[in-house]
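Report on the following structure.
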Amino acid sequence: MQKIIKGPAYVLGDNIDTDQIIPAEHLVYSLSDPEESKKYGHFAFSGVPPAKAGLPDGGIRFIEGDNNRSKYNIIIGGSNFGCGSSREHAPFALRMAGVQVVVAESYARIFYRNSVDGGFIIPLESVGKINDRIKTGDPVQIDLANQTLTRLSDGQQFSLKHPGDVLPIIEAGGLFAYARKSGMIG
Amino acid sequence: MAMTITEKILAKAAGKKEVSPGQNLWLNVDVLMTHDVCGPPTFQIWKREFGEKARIWDKNKLVIFPDHYIFTSDVHANRNVNILRKFAKDYQLPNYYDVGSERYKGVCHIALAEEGFNLPGTVLIGTDSHTCTAGAFGLFATGVGNTDAAFILGTGKIWEKAPESMKFIFEGSVPQYLTAKDLILQILGDITTDGATYRAMEFDGEAVRSLNIDERMTLTNMAVEAGGMNGIIAADEVTRAYLAERTSKPFEEFQSDPDANYHSVYEYDVGKIEPLVAKPHSPDNRDTVRNVRGTKITKCYIGSCTGGKFTDFKNAALILKGREVRVPTFIIPASPSVAKRLQTETIDGKTIEEILADAGCTIAPPSCAACLGGPADTVGRSVDHDVVISTTNRNFPGRMGSKKAEVYLASPLTVAASAVTGVITDPREFL
Ligand code: SF4
């Protein structure tokens, strides 16, 4: 697992549900076909109302034009990130769009499990609210070993929570890799 | 050690004497349920990870319902159903309920109940967030994604962190103008959409005990709207009677110990609760119907695993009987068996289906339909700036179709009253 992840942040509000991450009408595409599955990247966050897309100002597109990937690889969210349906298409869509890490104040359980067990993205929890301290486009750096997020413009550091018991699954890169490593499955 | 009902069931499934909140557990799964949206990717992951020699851990424990995107011309959606069909055939699965066949059962959560899969004391996992509905039968039921489901498909196991429990006690006798939907909207307004994240929500009290299975399932269905891992109601005479008509499989009932530990306990007197709505765009955006009455609506929707059960339509019919709707009103029974009951059960000599049709409602075939928007040709889907009042469970932006639409969640009584007037209306005006 890569220990330092750097890039421009894309900032969102509270209660970003899975319909905003990937609207239900797009769930029909194949997740395994290499070409078709790119559509998930293209439609990532397409359900976020424009005023709330890319805080604090809003109106910033996560995916530009016909692209399937975003220039933002780090998402900063608020509380209850990923609430709503159980669709694993949600963390998958973020991964397809090029997201590596989401930092949110808290997560809905199924989204968190899906992110970790599928090994799609790394979901980290901030200590307290930070989506009002970072602006969309701010370059940030995440240090996974020390659980910190640094705003690179001025070096301001924010603490992240330790992932606890799920860290071995995150480090292995997903549930199957973990189960194989630990001898649960052959 | 004193334990809650959830802790006792998890202990049994993990092969332990006791468990406490926070403990990581590997559980043996009794039923794995999937549907047309999540089944195909689940099977694909299972094959990829276990290789061509992949084996299903127990065919009898796998249950598959096509229900989400089925009555559509969308090619991708139809492809998903074909994948399920082929998978069921290739592996000769006993519990596949194909759409277009006599076996079709409608919306998965209601179908699980009707087919007798919801057995007290068991662990039921589904690739759908509303899998928590099954907790109405005193079992541990929760939703997962495709990877977790693929893992279960091959191993029969899942990891879970034992949740803390929250208890919600409703005392008193439920007045005619109130339904389980109002009770759960009350809770959601109090604890918000992440108030129960990673926790069990246990429902109890005289009022809950008086509810039939349909109504109990409305409570547990929306546990996930508060972020809950599971919702649960201990089995009792009502549960046993429902099951006796549907299955002869044995089961074990559990009860919370009186001195079990809870994260929090909420007590309500149902006599003090009034008809409620969740305003756009969140299920916790609670208000009284009284406060928003007069709000103009363009569409009414009665359906889904939350509000498309027999009792929901019966409630709607109590108000729609002999009246006419002023706005397009969609009736989507959750299952063929519900649809059939609408044709056979009567109020004052008229079947419920006749009452609803005479009132001018559009009655569609059973499925999830516009509860989750769906492809453009989905019946009841919201368009443009629709203002919808609906018995479903989610009103996030775009959930029922149009991102510009506004959705109010309410009980079938409130939706029916609003359909008659064209504006949001308190059902007490008609009862
Ligand atoms: S009716 Fe709605 S909430 Fe229920 S399973 Fe179908 S889409 Fe999900």
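The values are calculated or read from the model by the stated rules, or taken from the named source; none is laboratory data. Quantities reported herein were computed from a predicted structural model and do not represent experimental measurements. Counting neighbours? That spans all protein chains shown, and the Cβs are built from the backbone with ideal geometry, glycine included.
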From (1) over 19 Å from the mean Cα position of the chain (by Cα); (2) more than 14 Å from chain A (Cβ to nearest Cβ), pick out the condition that doesn't hold for B:GLY189.
(1)
For the stretch A:115-154, enumerate the residues that are within 14 Å of chain B (Cβ to nearest Cβ) and under 29 Å from B:ILE158 (Cβ atoms).
A:SER115, A:VAL116, A:ASP117, A:GLY118, A:GLY119, A:PHE120, A:ILE121, A:PRO123, A:GLU125
Of all residues making up the stretch B:13-71, the number that are over 24 Å from the mean Cα position of the chain (by Cα), closer than 19 Å to A:ALA179 by Cα and among the β-branched types (Val, Ile, Thr):
2
Does any residue of the stretch B:178-185 turn out to be buried (at least 24 other Cβ atoms within 10 Å of the Cβ), among the hydroxyl-bearing types (Ser, Thr, Tyr) and touching a strand residue (DSSP E or B) at 6+ places or on another chain (Cβ under 8 Å)?
no
State all residues of the stretch B:196-228 that are more than 14 Å from the chain's Cα centre (by Cα) and in contact (Cβ under 8 Å) with a residue 60 or more places away in the chain; if no residue qualifies, say none.
B:ARG199, B:ALA200, B:GLU202, B:GLY205, B:ALA207, B:ASN212
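Quick one: in the stretch B:48-81, of everything that is away from the ligand (no atom under 16 Å from the Cβ) and of a type in the set (Phe, Trp, Tyr), which residue is surrounded by the most Cβ atoms within 10 Å (Cβ to Cβ)? It would help to see each step written out before you state the result.
Taking the stretch B:48-81 as the starting set, the residues that turn out to be away from the ligand (no atom under 16 Å from the Cβ) are B:48-62, B:73, B:75-76, B:78-79.
Imposing the further condition that a residue be of a type in the set (Phe, Trp, Tyr) reduces the set to B:50, B:57.
Working: B:PHE50: 19, B:TRP57: 16.
It comes out as B:PHE50.
Looking only at strands (runs of 3 or more DSSP E) that fall completely inside the stretch B:151-269, which ones have 3 or more residues that are closer than 27 Å to B:ASP58 by Cβ? Outline the logic, then answer.
Working: elements: B:157-161, B:164-171, B:199-204, B:230-232, B:264-269.
The strands (runs of 3 or more DSSP E) meeting that bar are B:157-161, B:230-232.
For the condition away from chain A (no Cβ under 11 Å), among the aromatic types (Phe, Trp, Tyr) and closer than 23 Å to B:ALA141 by Cα, what is the one hit in B:PHE87, B:PHE65, B:PHE43?
On the way: B:PHE87 fails: closer than 23 Å to B:ALA141 by Cα; B:PHE43 fails: away from chain A (no Cβ under 11 Å).
Going through B:PHE87, B:PHE65, B:PHE43 in turn, just one is away from chain A (no Cβ under 11 Å), among the aromatic types (Phe, Trp, Tyr) and closer than 23 Å to B:ALA141 by Cα: B:PHE65.
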Kindly state which strands (runs of 3 or more DSSP E) lie completely within the stretch B:1-107 and contain at least 2 residues that are of a type outside the set (A, V, I, L, M, F, W, C).
B:24-28, B:31-35
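Looking only at the stretch B:421-431, which residues are out of contact with any Phe, Trp or Tyr (no Cβ under 7 Å at 6 or more places or on another chain) and in contact (Cβ under 8 Å) with a residue 24 or more places away in the chain? Lay out the reasoning, then the answer.
Here is the first cut: in the stretch B:421-431, the residues out of contact with any Phe, Trp or Tyr (no Cβ under 7 Å at 6 or more places or on another chain) are B:421-423, B:425-426, B:429-430.
Across the stretch B:421-431, the qualifying residues are B:THR421, B:GLY422, B:VAL423, B:THR425, B:ASP426, B:PHE430.
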Which one is nearest to the ligand (Cβ to nearest atom), of the residues in the stretch B:392-414 that are under 19 Å from B:LYS296 (Cβ atoms) and not in a strand (DSSP E or B)?
B:MET400
Looking at this structure, is B:LEU84 at pLDDT 95 or above, among the hydrophobic types (A, V, I, L, M, F, W, C) and surrounded by fewer than 18 Cβ atoms within 10 Å (Cβ to Cβ)?
no
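Please specify each residue of the stretch B:342-357 satisfying the condition of being surrounded by 19 or more Cβ atoms within 10 Å (Cβ to Cβ) and closer than 24 Å to B:ASP67 by Cβ.
Applying the first criterion (surrounded by 19 or more Cβ atoms within 10 Å (Cβ to Cβ)) to the stretch B:342-357 yields B:342, B:352-353, B:355-356.
Across the stretch B:342-357, the qualifying residues are B:LEU342, B:ILE352, B:GLU353, B:LEU356.
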So which residues in the stretch B:100-150 are more than 16 Å from the ligand (Cβ to nearest atom), surrounded by 24 or more Cβ atoms within 10 Å (Cβ to Cβ) and of a type in the set (Gly, Ala, Ser), if there are any at all?
B:GLY138, B:ALA150
Name the residue that is farthest from B:SER411 (Cα to Cα), counting only residues in the stretch B:198-242 that are surrounded by fewer than 21 Cβ atoms within 10 Å (Cβ to Cβ) and among the polar types (S, T, N, Q).
B:SER210
Name the residues in the stretch B:363-401 that are over 22 Å from the mean Cα position of the chain (by Cα), more than 23 Å from A:ASN15 (Cα to Cα) and β-branched (Val, Ile, Thr), would you?
B:VAL383
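Having 1 or more residues that are away from chain B (no Cβ under 14 Å), touching a residue at least 12 places away in the same chain (Cβ under 8 Å) and surrounded by fewer than 20 Cβ atoms within 10 Å (Cβ to Cβ) is the bar; report the helices (runs of 4 or more DSSP H) wholly within the stretch A:1-114 that clear it.
Details: elements: A:18-21, A:38-42, A:89-96.
By residue number, A:38-42.
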